[in-house]
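Inspection log for the structure reproduced underneath, given as structure tokens.
Read the figures in this text as sums done on the coordinates, not as results from a lab. Note that the structure is predicted; figures quoted are calculated from it, not measured. Cβ coordinates were reconstructed from backbone atoms using ideal geometry, including for glycine residues, and neighbour counts include every protein chain displayed.
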């Protein structure tokens, strides 16, 4: 990828890497005999859905907008789960959904009757009260969690009309995390498996990460299918689709020093354009960085919003940075575009794709009208 040919700032999807992820995901789907669907909450760049559809045909939605996007841009009905549906939106959600999962028994009883004549398969989200996700912000099984129904609330039988169960307890996790989770789910909810048609294992299956044990994942899923042959198994990863498939290209616009700390001021914002860096937190790699060492030019990166904490670092380089240098953040496709904001009205990065025939294609730019229309 020739970064000099890319406008700054800009998110750039690398088509070759993206297709590599899709090929692996389809292989797991076919070999394990399961359904894998794309989770829009992690990646919803709809202009590349034609590429996705060459490998995967369905998606999961967490809102009315995502369900409609599935219908209009993927040409399929969504597997929809929302923490809480409203009377105003639910009728339209049904128009775009093949499956609807309810977060509570109260929500199921409130809306189920509306689904009966709409060819919708209804499910319940369950909470196995077991997760090895270390970051509390992303752990849906923490004590008092608002997400999913614990086993003791379900009694001995599911309500009439429930055709599936759905759990989501993983976050960038391994196949061994899934294996341990399945044992707990089976122990607590296995008595219901003869009452349902499908089991949705949610997202967080980071099967495209280097070192992920694909063979163990497939073996785990096959073993479960052999034990429960009437259950359709569904996985809905999001990050795995876009993992290490693109970058955020930015530029140094100023260099400031305070008490010996050098900050490279950029034309992008961590708060606005890379929020997970601050929320998770995690430190992304930068193209051309070196291992931090004494004596090398080192900088923290400063965002261009007025939030005091809009910075991260440190990164080291062989040579001092100069105004105009490109700073290219790696792995910036998943949970970035879907979470960006117009805070401060800072310029929103453009969106492009580096095609597999080694060309840059600009997909979208943003301007004042996007900011203005967002406000009212």
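Structure above, values below:
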quantity: Hydrodynamic radius (Kirkwood) for the chain, which is based on Cα pairs only, to one decimal in Å; calculated: 22.3
quantity: 0 to 90° range, to nearest 10: angle between helix 214-227 axis and the chain longest Cα axis; calculated: 10
quantity: Relative contact order [Cα under 8 Å, 6+ residues apart], region 33-241, whole percent; calculated: 20
quantity: Distance between modelled label sites at residue 368 and residue 186, nm, 7 Å Cα→Cβ extension; calculated: 6.3
quantity: Whole-number percent relative contact order across the chain, with pairs defined as alpha carbons under 8 Å at least 6 apart; calculated: 20
quantity: The chain, helix-only ellipticity at 222 nm - DSSP H runs n ≥ 4, -39,500 (n - 2.57), divided by all residues, nearest 500; calculated: -7000 deg cm²/dmol
quantity: Tensor-based shape of region 89-147 (alpha-carbon gyration tensor, a/c under 1.5 rounded, otherwise prolate or oblate); calculated: prolate
quantity: Folded to 0 to 90 degrees: helix 105-115 orientation relative to the chain principal axis, Cα; calculated: 80
quantity: Folded to 0 to 90 degrees: helix 15-32 orientation relative to the chain principal axis, Cα; calculated: 20
quantity: Binned Cα-Cα distances of region 1-121, short to long, each 10 Å bin given as a whole percent; calculated: 12, 37, 28, 17, 5, 1
quantity: Least to most buried among 94, 375 (fewest other Cβ within 10 Å first); calculated: 375, 94
quantity: Among 248, 217, 363: highest mean-square fluctuation, GNM of the chain, C-alpha pairs under 10 Å; calculated: 363
quantity: Fluctuation leader among 144, 303, 204 - the chain, Gaussian network, Cα springs under 10 angstrom; calculated: 144
quantity: GNM top mover of 190, 352, 57 - the chain, alpha-carbon springs below 10 Å; calculated: 190
quantity: Size of region 127-233 as Cα extents on the principal axes (Å, biggest first); calculated: 43, 34, 19
quantity: Beta bridge orientation in the chain: antiparallel %, DSSP, nearest 5; calculated: 45
